[in-house]
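Working notes for the structure below.
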Amino acid sequence: MDGPIPIVIGSPVTVATPAVRRPRWPDAELDVAGLRAEGWRPTPFRDFVLKVHQRCNLACDYCYVYTMADQSWRDRPMAMAPETWRAAAGRIAEHARTHGLSRVRVILHGGEPLLLGASGLAPLLADLTATIAPVTTLDLQLQTNGLLLDERVLDVLRSHGVRVGVSLDGTAEANDRHRRFADGRGSSAGVDRALRLLTAPAHRAAYAGLLATVDITQDPVEAYRNLQRYAPPVLDFLLPHANWDAPPGPRADAPYGEWLIKVFDLWYSERPQPIRIRLFEDVIRLILGHGGRSEQAGLSPVAVAVVESDGAIEQVDSLKSAYPGACETGLTVFGDPFDAAFTNPGVVARQIGLRALCSTCRSCPLHTVCGAGHYAHRYRAGEGFLNPTVYCADMTLLIRHVISVVSDDVRQRLAASHRD
Ligand code: SF4
């Protein structure tokens, strides 16, 4: 488990809250008891996302927390209270003990988690460590827009072994187009300052990587080169959250696939690859029959649970882009173990691999690599999530290209080794 968790953070924008409409699949049609009877068993959670602050100091235009269907952040405490993080820590330790987990990752998230400040982070981190570390190896991470990173905060994070993932969307221009303050100012200068600090020798060990939401209006080569400048240990490219009711623009072609291919070709041609790009590494691993490590590709079970600032146990919060209440489980760290979530159809749907694919995807020759893409991107109102990803054409283009490039490369290397 390395690199930043690929979840984007952003800031409040007022939108109307649509009426709740539970989807047929999985909520009504997935037979969890039947799966259990057939021998399916849940995968224990290994990643725990704590929403320690609900507000953000940016107003990103694509942020699913504030700009999309679910507006539940409005009704939750602004900051997670000590009794809530202590209860969450106890439940995580309980889960690790129950399942004999040798390692768990806890990701501080928001909103913007650094709004807690150094004085708020210190007791939170001390309590998490005191409760979880005696039971299992604790990998602490924090995902931030970077703007509030300073020496004092970094000292606190470093003293608890926290690694920091920073969101940055490529070129400064693209970043400033989307990742803006509420008054419209861009954030790239502030992120640049933060990354210079984080990548300095004194703090570099705390650097987990970069998370970039793909903006196809920017030149892919310039975007990649700018991200590369900060030498991230891992770079995550995230497709903007979209679904069949809110598609990512006209779908006549595969613009995201084309954009990613340009970056892939550049990255793959560099030997050794100067940075790790998780999406590309995952596609190659999956082509070769290994498991994937992110939600964007493959059929591996999703083992992530979210704890909101009020203690609610929820599903991965990218689902907030689909419909209001999509993440709810009805459980809370004050009353329920994490295991109680394993009867929730939404949680189960993300753990059953092939059985969560629609007939179109099951008959697709790329399904073991694509895995129908990100679960949130399969949503269609009423029907739910038994669909291909809305990025199907893009995934098809990217995966076919990677197969072609990697196979040509293997052929040429074999031919060269025979000649030697
Ligand atoms: S989303 Fe498209 S490319 Fe992916 S498995 Fe389904 S049909 Fe195949």
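The values are calculated or read from the model by the stated rules, or taken from the named source; none is laboratory data. Because the structure is a prediction, the values reported are computed rather than measured. Quick reminder, even Gly has a Cβ in these numbers, built from the backbone with ideal geometry, and neighbours come from all protein chains shown.
Please find, among R193, R179, R185, the residue that is over 28 Å from L101 (Cα atoms), crowded, with 21+ Cβ neighbours inside 10 Å and of a type in the set (K, R).
R179
Among the listed residues G325, G335, G292, G346, identify the single one that is of a type outside the set (F, W, Y) and assigned to a helix (DSSP H, G or I). Talk me through it step by step, then tell me what you get.
Working: G325 fails: assigned to a helix (DSSP H, G or I); G335 fails: assigned to a helix (DSSP H, G or I); G292 fails: assigned to a helix (DSSP H, G or I).
Going through G325, G335, G292, G346 in turn, just one is of a type outside the set (F, W, Y) and assigned to a helix (DSSP H, G or I): G346.
Of (1) assigned to a helix (DSSP H, G or I); (2) within 16 Å of the ligand (Cβ to nearest atom); (3) of a type in the set (A, V, I, L, M, F, W, C), A297 satisfies all except one. Which?
Just one mismatch for A297, condition (1).
Pick from segment 274-283 the residues that are buried (at least 19 other Cβ atoms within 10 Å of the Cβ) and touching a residue at least 60 places away in the same chain (Cβ under 8 Å): which of them is nearest to L238 (Cα to Cα)?
Here the residue is R278.
I need the full set of residues from segment 349-361 which are part of a helix (DSSP H, G or I), more than 8 Å from the ligand (Cβ to nearest atom) and surrounded by fewer than 21 Cβ atoms within 10 Å (Cβ to Cβ), in order please.
Across segment 349-361, the qualifying residues are G353, L354, R355, S359.
Looking only at segment 365-380, how many residues end up being part of a helix (DSSP H, G or I), surrounded by fewer than 22 Cβ atoms within 10 Å (Cβ to Cβ) and either more than 9 Å from the ligand (Cβ to nearest atom) or of a type outside the set (V, I, T) (or both)? Steps first, please.
Here is the first cut: in segment 365-380, the ones part of a helix (DSSP H, G or I) are 367-370, 375-378.
Going one step further and asking which of them are surrounded by fewer than 22 Cβ atoms within 10 Å (Cβ to Cβ), we end up with 367-368.
Then drop every residue that is not either more than 9 Å from the ligand (Cβ to nearest atom) or of a type outside the set (V, I, T) (or both), which leaves 367.
Qualifying residue count, segment 365-380: 1.
Determine whether segment 208-219 contains at least one residue that is out of contact with any Leu (no Cβ under 9 Å at 6 or more places or on another chain) and in a helix (DSSP H, G or I).
No, segment 208-219 contains no residue that is out of contact with any Leu (no Cβ under 9 Å at 6 or more places or on another chain) and in a helix (DSSP H, G or I).
Return yes when V162 is out of contact with any Gly (no Cβ under 9 Å at 6 or more places or on another chain), of a type in the set (A, V, I, L, M) and at pLDDT 95 or above and no when it is not.
On the way: out of contact with any Gly (no Cβ under 9 Å at 6 or more places or on another chain): yes; of a type in the set (A, V, I, L, M): yes; at pLDDT 95 or above: yes.
It is true that V162 is out of contact with any Gly (no Cβ under 9 Å at 6 or more places or on another chain), of a type in the set (A, V, I, L, M) and at pLDDT 95 or above.
In the list L260, L286, L319, which residue meets the criterion of being over 18 Å from the mean Cα position of the chain (by Cα), crowded, with 23+ Cβ neighbours inside 10 Å and among the aliphatic types (A, V, I, L, M)?
Criteria check complete, one pass: L286.
Looking only at residues in segment 221-271 that are assigned to a helix (DSSP H, G or I) and touching a Gly at 6+ places or on another chain (Cβ under 8 Å), which one is nearest to V410 (Cα to Cα)?
Checking each candidate, the answer is Y224.
Looking only at residues that are basic (K, R) and surrounded by fewer than 20 Cβ atoms within 10 Å (Cβ to Cβ) in segment 72-101, which one is nearest to P337 (Cα to Cα)? Write out each step before concluding.
Just the residues of segment 72-101 that are basic (K, R), to begin with: 74, 76, 86, 91, 97.
Those left that are additionally surrounded by fewer than 20 Cβ atoms within 10 Å (Cβ to Cβ): 74, 76, 86, 97.
Values: R74: 25, R76: 21, R86: 14, R97: 12 Å.
In this case the residue turns out to be R97.
Restricting attention to segment 381-420, and to residues there that are away from the ligand (no atom under 16 Å from the Cβ) and among the small types (G, A, S), which single residue is nearest to the chain's Cα centre (by Cα)?
A381
Can you tell me how many residues in segment 381-399 are assigned to a helix (DSSP H, G or I) and among the aliphatic types (A, V, I, L, M)?
5
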